[in-house]
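The structure under discussion appears below in the form of structure tokens.
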Amino acid sequence: MIRAVIVMNDQGKPRLVKFYDYQPVEKQQELIRTIYGVLCSRAENLSNFIQADSIFGPDARLVYKTYATLYFVFIFDSSENELAMLDLVQVFVEILDKCFSNVCELDIVFNFNKVHTILDEIILGGQVLETSSSEVVKAVEEISKLDRASNGSMLVPKSISGWTSR
Amino acid sequence: MAGPSLMDSLFQRSLDDLIKGLRLHQPTSESTFISKSLDEIRREIKSTDPQTKSTALQKLNYLHSLHGLDMSWAAFHAIEVISSQNFQQKKVGYLAASLSFHSSTDVILLLTNQLRKDLSSNNVFEVSLALECLSMICTVDLARDLTPEIFTLLGSTKSFIKKKAIATVLRIFEKYPDAVRVCFKRLIENLESNDVGIVSAVMGVFCELALKEPKSYLPLAPEFYRILVDSRNNWVLIKVLKVFSKLAILEPRLAKRVVEPICEHMRRSGAKSLVFECVRTILSSLSEYESALKLAVEKVREFLVDDDPNLKYLGLQALLVVSLKHLWAVLENKDLVIKSLSDDDPNIKLEALQLVMAMVSEDNVHEICKVLISYALKSEPAFCNEILGSILSTCCRNVYEIIIDFDWYVSLLGEISRIPHCQNGEEIEKQLIDIGMRVKDVRSELVRVGRELMIDPALLGNPVIHRILSAAAWVSGEYVELSKNPFELMEALLQPRTILLPPSIRAIYVQSAFKVLIFCLYSYLFPDEAVASSPSLPVDLDPGVTSSISPKEFSESSDVVVTEPLADREMDEGFNPRDISQSLEDVSVGNGGDTVIAHEQTSCSATLKKDYFTQESIVKLLDLVERTLCPLMGTHEVEIQERVGNIRGLTELIKQELPEFLVHKERNVEGVKVKALEIVKLMHDAFLEELGPVSTSAQERVPIPEGLMLMENLGDLEGICGDIQLPIPSQFCFGRPHSGGRESTSLFNQQTDEESETSYECTSLLAEHRKRHGLYYLPSEKLETISNACPPAKDPQHSDDVNDDGQDLVKLTEQSLVPKKKPNRAKPRPVVVKLDEVDGITIAVSKPESKDYLISGAVREVLLGNEVSSAQHKLPDKSSNKRREKDKLDIDQPSETKENLANVGKSETSTSKKSKHHIPGKERKHKSSRTNADEREDVQKDKTKSGHHNPRHKARQRADDNVDVIAQTPVIPDFLL
């Protein structure tokens, strides 16, 4: 299974953190720092793997890919294929690109919820469920539509409920 | 605190505002901004307005996830938000739960009903939210309570939901293995789905399950096989391959069946991921199929020559998998492997290093080590140490299995010690001492290497080498009789810069100096015995004791060994009396013959050697010892102080009695007893007792005496004896009371006498022990067996061209890696003492975790359609038979056990549903009835059973017949085999 998906920028600031087995938040931050420490020491044009057993315990593997200012990091175990995971990183980025049309770091910064929604459509509980970008985009659009609908319906009630709550 | 006001709601900062605010602040002021925002959130989250509340939670999600803030306090608020009717709010709530809830979140049970409601929602996206959340936070209780809902969703007609339910089932199984009984059939049915997404999800689940406990999934092999052959989806194929890589090991006939389809994929597929998975499966599980293996190795080679570093990296990894069983696969690619050692990518270098180490054998260890050392010298410190570390660990594997020429290896250790970045001091220390104890024949070389390390004052300044120096010092002291120049050793041991050493190591230096001193005195005072070959001891000792002591047969053989090298190395190593006399300031060479008694000298070299031990040189030595060690009497380190005290007591005694002795000696008076003489002899003999490797289990073999309570609390003892002495390090042959140091000579004298009694007692005990358990100690074998024909460890050819690895490479790749036997080995491998217990590899049997075991138990139960007992587990053929009869069973024997009935009922209903395309609503009704554990009504639907025209089932029916014929068939249906 996939154990974690982390997106961070080249300053080591996390932009998306999802651990599929529970980690206390301090541990999460520590892991992110450790990974960043390794990532930023690596030159370009090297392989996309990092020895992760010392960070995540035995059987853990890690792939990462760099896009502009962002590192996309996937941590997984022996039931996933390394190259398939690399493809998945690519798929994820392509989907982000479609959802935000020319995705950049700022899109991910300001769309915390949507990025989570997108990721949840691809991976559930550490299992890869959907790799077709069009399917994911379709679902994400539906969800956004629902979001907007519920938001719109709430615009007026919100103020009213605010008043009435007095 | 005032509740949230309307103003809070109206002017609430949104998540966007928060993010913008965070971006505006400098890292320094960021934390104050965050804590201010957190205060706002704490206020807003209590609002009665759901929108305000959910926005607050949204901000908290953000701060928790990306800034590491605690949000466990908001768990209840998250549940409130989840219960909102508003989709967006619900989503925020679920995100909060999945980010922060865990098994010990106490309010988690409050979520059960809401989850149940959302799982049954008509809105697929709400169902999807609930599934996502459940897969993250699943607990035993949630899993148990929601299993019916998940079961229903497994039969959903919407693949969007179905595949998510399938993925969630995995977590349910992990927490609540009993759910397997309910859901497993549906899971299996989905293997035949036409929807690739569904099959992929199910295969994902089976892959996870099978990797943990493969055996239970053997009965599903036909389904997996069909997918392997039919599927064109790479994701699915990869998962299926992973499952087969586990199953094929368990069932050879299955392996035979799958190997060809896998090869077909390997040939046909353009997807590197799939090809790699095929390669890995072949290499790890199907390597006995030669043609497949060849094909896989070919593919690996393609990976290795690829420009993509990822492929190169994975290719090397794959080779490592196969290196144990089929080394030829590595050897075939050795050129690429060695080239990868100088790759830019540290990962690739490390993999290549491991592979190179896998290729090491006794024939090529010299060459490979030489090449690796030259790489190490060029590499950055981290990789350099990796290289050195793997050389050390490879060479000492299985008690130095691959080392034939220990002289070479010991000098290699010396060489490694001097590599600037070497951080492996501890390992080298261990090996130097270990080799010293285990391999008798290498000791003279060991002493030489130790000497070279010790006489270099520069090394003392490097803390990482201190551990190695301690080994060198110990070796020099323990095997001083093999040293060519004890005086020089003494100087090295006492050199001023030893002050740089940590106290523990300095103590070893002092102790070694003690041993050297005793040796010199003994050689001087008893020249005949030092040279004589017989191990006979002075007659005035109790004969019983004498016989039990077996001194090392050092004297004669050391002379023999020394003879030739002495002449050879006179020039390069400063190894002649003149140098020594210079180093000892002014011992004149001329004095040489004076004090040496003209006994029968066996060889001229022995004379030469004995020439060192003149009266003057001994006096100088004693002076040196006193001069350098006396100041140490004041040290605070007891370990050092104690040992210095011992030496000082001895030197004072000797100085006092030496003139008397000399007088006797000059007059050639026989039989005069001088106290000092006896002490020196006693000490010398004590030090002669060999130290050997001790089995780690030796202690365990000592029976615990009756009435000894090992577990007793000894806290009270502290009050009774406050002054407990530190345990004395192992290199002492016998204990010596701590107090000896500062006492007057006469006292010391007496004491030593007394002690020598006890020491002999100890020695005799040791000797007895040794007799009884001969294998713990080195065999007492005549040293004559060493041939003097040992080539010098470093032949010039080896030492000069360190940087010329281009040539080395060529040489290495062309010749040395070819597995061949060297026609003429220079000399036989020396005896290496082994202890069975230590050296045997203990294989830890890992038991499956209880939950996994429970899952597999339930799986077996479902697959075999019967209650699982351990007996059945052992008799899979029988149970597989039963399993195939499951369909009949439920009709013919409705009075089966309740559990079994439930399973069967479920399986039938699910098939019926599938064939009839039941609508979800109906299913739900059906499921809720099951929640109440009223499984009986399931049976009523059994009539639909006849409806399925599944080819698989037909196949199974066919298989049934075969099973009856072949008694020993395992669980896999035979049509496959």
Subject >> Index of the failed condition, A:L88 passing every other in (1) farther than 23 Å from A:D147 by Cα; (2) facing chain B (nearest Cβ under 7 Å) >> reply: (2)
Subject >> In region B:422-445, residue surrounded by the most Cβ atoms within 10 Å (Cβ to Cβ) [restricted to those that are without any contact (Cβ under 8 Å) to a residue 60 or more places away in the chain and out of contact with any Leu (no Cβ under 7 Å at 6 or more places or on another chain)] >> reply: B:E429
Original post:
How many of the residues making up region B:334-354 are among the polar types (S, T, N, Q) and surrounded by 21 or more Cβ atoms within 10 Å (Cβ to Cβ)?
Top reply: 2
Original post:
Looking only at residues in region B:180-198 that are of a type in the set (V, I, T) and either crowded, with 24+ Cβ neighbours inside 10 Å or not in a helix (DSSP H, G or I) (or both), which one is farthest from the other protein chains (Cβ to nearest Cβ)?
Top reply: B:V182
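Among the residues of region B:268-280, is there at least one that is more than 14 Å from chain A (Cβ to nearest Cβ), surrounded by fewer than 22 Cβ atoms within 10 Å (Cβ to Cβ) and free of Cβ contacts under 8 Å to residues at least 24 places away in the same chain?
Within region B:268-280, one or more residues are more than 14 Å from chain A (Cβ to nearest Cβ), surrounded by fewer than 22 Cβ atoms within 10 Å (Cβ to Cβ) and free of Cβ contacts under 8 Å to residues at least 24 places away in the same chain.
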Original post:
Pick from B:L129, B:L237: which is among the hydrophobic types (A, V, I, L, M, F, W, C) and in contact with a His (Cβ under 9 Å, 6 or more places away or on another chain)?
Top reply: B:L237
Subject >> Search result, residues across region B:279-289 that are part of a helix (DSSP H, G or I) and under 12 Å from B:K325 (Cα atoms) >> reply: B:L283, B:S284, B:S285
Original post:
Got a number for residues in region A:36-76 being touching a residue at least 12 places away in the same chain (Cβ under 8 Å) and of a type in the set (K, R)?
Top reply: 2
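Take the residues of region A:113-141 that are without any contact (Cβ under 8 Å) to a residue 60 or more places away in the chain, facing chain B (nearest Cβ under 10 Å) and in a helix (DSSP H, G or I): which is nearest to B:A96 (Cα to Cα)?
A:N113
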Original post:
For region A:114-123, what are the residues that are touching a Phe, Trp or Tyr at 6+ places or on another chain (Cβ under 9 Å) and not β-branched (V, I, T)?
Top reply: A:K114, A:L119
**OP:** Please indicate, with yes or no, whether at least one residue in region B:389-398 is surrounded by fewer than 22 Cβ atoms within 10 Å (Cβ to Cβ), on the phi > 0 side of the Ramachandran plot, of a type outside the set (G, A, S) and out of contact with any strand residue (DSSP E or B) (no Cβ under 7 Å at 6 or more places or on another chain).
**Re:** yes
Original post:
Inside region B:293-412, counting only helices (runs of 4 or more DSSP H) that do not spill past its ends, which hold 1 or more residues that are within 20 Å of B:E429 (Cα to Cα), modelled with pLDDT under 90 and in contact with an Asp or Glu (Cβ under 7 Å, 6 or more places away or on another chain)?
Top reply: B:397-400
Original post:
Only one residue in B:S340, B:S291, B:S285 is more than 26 Å from A:R42 (Cα to Cα) and within 14 Å of chain A (Cβ to nearest Cβ). Which one?
Top reply: B:S285
**OP:** Working only within region A:16-49, note down all residues that are facing chain B (nearest Cβ under 7 Å) and part of a strand (DSSP E or B).
**Re:** A:V17, A:F49
Original post:
In this structure, does B:L228 turn out to be farther than 25 Å from B:Y853 by Cβ, more than 14 Å from every other protein chain (Cβ to nearest Cβ), hydrophobic (A, V, I, L, M, F, W, C) and buried (at least 19 other Cβ atoms within 10 Å of the Cβ)?
Top reply: yes
**OP:** Please name all residue pairs, on different chains or six or more residues apart, with Cβ atoms under 6 Å, provided the first residue is in region B:284-295 and is under 15 Å from B:L320 (Cα atoms) and the second residue is assigned to a helix (DSSP H, G or I) and modelled with pLDDT under 90.
**Re:** B:S284/B:V321; B:S287/B:V322
Original post:
For A:F110, which of the numbered conditions (1) without any contact (Cβ under 8 Å) to a residue 12 or more places away in the chain; (2) more than 14 Å from every other protein chain (Cβ to nearest Cβ) fails to hold?
Top reply: (2)
**OP:** Mind listing whichever residues of region B:100-123 are crowded, with 16+ Cβ neighbours inside 10 Å and at the interface with chain A (Cβ under 10 Å from one of its Cβ atoms)?
**Re:** B:S100, B:F101, B:T105
Original post:
Among the residues of region B:403-417, is any polar (S, T, N, Q) and crowded, with 19+ Cβ neighbours inside 10 Å?
Top reply: yes
**OP:** Could you please give the count of residues in region B:13-35 that are in a helix (DSSP H, G or I) and in contact with a Gly (Cβ under 9 Å, 6 or more places away or on another chain)?
**Re:** 1
Original post:
On the given criteria, is A:S54 at the interface with chain B (Cβ under 10 Å from one of its Cβ atoms) and either under 18 Å from A:I123 (Cα atoms) or over 16 Å from the mean Cα position of the chain (by Cα) (or both)?
Top reply: no
**OP:** Select from region B:23-39 the residues that are surrounded by 16 or more Cβ atoms within 10 Å (Cβ to Cβ) and either over 26 Å from B:L110 (Cα atoms) or within 11 Å of chain A (Cβ to nearest Cβ) (or both) and list them in ascending order.
**Re:** B:I34, B:S37
Original post:
Does A:V103 satisfy the criteria of being in contact with an Asp or Glu (Cβ under 7 Å, 6 or more places away or on another chain), buried (at least 20 other Cβ atoms within 10 Å of the Cβ) and of a type in the set (A, V, I, L, M, F, W, C)?
Top reply: yes
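With β-branched (V, I, T), outside any helix (DSSP H, G or I) and either more than 42 Å from the chain's Cα centre (by Cα) or surrounded by 22 or more Cβ atoms within 10 Å (Cβ to Cβ) (or both) as the only criterion, which of B:T147, B:T152, B:T157 stands out?
B:T157
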Original post:
Out of region B:49-99, which residues are more than 26 Å from A:M8 (Cβ to Cβ), facing another protein chain (nearest Cβ under 10 Å) and in a helix (DSSP H, G or I)?
Top reply: B:P50, B:Q51, B:T52, B:S54, B:F87, B:Q88, B:Q89, B:K90
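The values are calculated or read from the model by the stated rules, or taken from the named source; none is laboratory data. Only a predicted model underlies this, so the values are computations on that prediction, with no experimental measurement involved. Virtual Cβ from ideal backbone geometry, glycine too; neighbours counted across all protein chains shown.
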